[in-house]
């Protein structure tokens, strides 16, 4: 499920991103996406490809990875994001929910650390 007013467009310095054509209130689930779960061994292979930048650690023990379908792989990172993602390991789903109001035309951003305001440097910001 992806809300019908979300769309993908160019994002300054980030390739593409997910945007909204309508205002969205805080606490709205904007997407629920199924995932394809893969093993640690498959992750080793994926890490050698472009997909490395689009997969998520998966499972309570984080001993698997997954590729989300839908728009989920296109949400860009921010340390003070306007959305957060949740993982449902049993149903094999990732959901994206707003953590504050988002204005029409604004890019929807998630924090790749998992918590919407976690300032821990992510892999591409580590110097």
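The values are calculated or read from the model by the stated rules, or taken from the named source; none is laboratory data. The model shown is predicted, which means the values in this text are computed figures rather than measured ones. Backbone-built Cβ (ideal geometry, glycine too); neighbour counts: all protein chains shown.
Just name the residue that is farthest from residue 30 (Cα to Cα) out of those in the range 105-127 that are modelled with pLDDT of 75 or more and out of contact with any strand residue (DSSP E or B) (no Cβ under 6 Å at 6 or more places or on another chain).
Looking at the filtered set, the residue picked out is 113.
Quick one: residue 32 ticks every box in (1) in contact with a strand residue (DSSP E or B) (Cβ under 6 Å, 6 or more places away or on another chain); (2) free of Cβ contacts under 8 Å to residues at least 12 places away in the same chain bar one, so which box is it?
(2)
Restricting the range 17-56 to residues that are touching a helix residue (DSSP H, G or I) at 6+ places or on another chain (Cβ under 8 Å) and loosely packed, with under 15 Cβ neighbours inside 10 Å, which is modelled with the lowest pLDDT?
Among residues in the range 17-56 that are touching a helix residue (DSSP H, G or I) at 6+ places or on another chain (Cβ under 8 Å) and loosely packed, with under 15 Cβ neighbours inside 10 Å, the one modelled with the lowest pLDDT is 52.
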